[in-house]
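The values are calculated or read from the model by the stated rules, or taken from the named source; none is laboratory data. Computed from a predicted structure; not experimentally measured. Cβ coordinates were reconstructed from backbone atoms using ideal geometry, including for glycine residues, and neighbour counts include every protein chain displayed.
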Amino acid sequence: MIQMKLSHKICKIIIVISVLFYSSQAAFSAPVFWTDWISTTPSNYPSFIGNGIITTNTSTVNVTYTNPQGIAFFQAGGGTNYWGNSDVNSPYTSSLVDNRPTGTDIIGLQNAGNQTLQFSEAIANPVFSYVSLNGNGYAFDQDFDILSYGGLNGRDQGYWGAGTSYKNIVDLGGGNFEYQLLGTGEPHGTIRFTGEFDTVNWRSLSYEYWNGFTVGIQGTAIEVNGPVPEPSTFIILGCGLMALGVIRKKNINRI
């Protein structure tokens, strides 16, 4: 009986350590690999489809953005740099995001309605940077964290000024929720979705010309999390070994 109680205690310790280890994996700052927007399919609006590529250390991820309502503009290189010229005190960087969006690539929005980002493989901890979200809001189907925005903790203002950003969670019923990114003034900032994804869905809440965005990732799911067993595998294995140890001890005592 004493051995069984000890085994249970050790199992609890293994569970706690496993949970703490895996929950801490997304907490460290890392460079972000941003989308290089390259083309549209078709090349006219509305019913817009934009194509981009994210190049990480070991992979190339294709990104497809779909917006049936159409967009305001698609800037794939050249043009105005709405992301600023420095990572220091940028409204888009934080303790979890080292670098602002690369180059001048941006997709400008104007219409209310649903839209989707799709990745060619599972990616980890995507970040979503936005420009001038002052007369609109975004409602995502996944929870997110607001990491930074112009004016927060001494961050510089964005291209069009400063503002505040906040999250509003709406209970849609039936166990479904909507996670709204809202703001006041001229919000420019970055949010992050923690976990592994191959799609990100949201809707623009109202018409406003214009507000813009781009997306980056910490890496592919395999690059960040590795092809490792789930935490439950370690827990089951650890507890199983404890149980085997107790059984073996009992058998020895009977001899």
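Some values worked out for this structure:
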| item | result |
| --- | --- |
| Ser132 among the hydroxyl-bearing types (Ser, Thr, Tyr) and touching a Phe, Trp or Tyr at 6+ places or on another chain (Cβ under 9 Å) | yes |
| Which listed residue, of Thr164, Thr184, is surrounded by 16 or more Cβ atoms within 10 Å (Cβ to Cβ), polar (S, T, N, Q) and free of Cβ contacts under 8 Å to residues at least 60 places away in the same chain | Thr164 |
| Total residues in the stretch 36-64, condition in contact (Cβ under 8 Å) with a residue 60 or more places away in the chain and touching a Leu at 6+ places or on another chain (Cβ under 9 Å) | 1 |
| Residues of the stretch 47-90 satisfying the condition of being assigned to a loop (DSSP other than H, G, I, E, B) and among the small types (Gly, Ala, Ser) | Ser47, Ser59, Gly70, Ala72, Ala76, Gly77, Gly78, Gly79, Gly84, Ser86, Ser90 |
| Test result for Ser86, within 15 Å of the chain's Cα centre (by Cα) and loosely packed, with under 14 Cβ neighbours inside 10 Å | no |
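Yes/no matrix, rows are residues, columns are (1) at pLDDT 95 or above; (2) assigned to a strand (DSSP E or B):
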position	(1), (2)
Glu178	yes, yes
Pro187	yes, no
Asn201	yes, yes
Tyr209	yes, no
Gly216	yes, yes
Pro227	no, no
Gly238	no, no
Leu241	no, no
Ile252	no, no
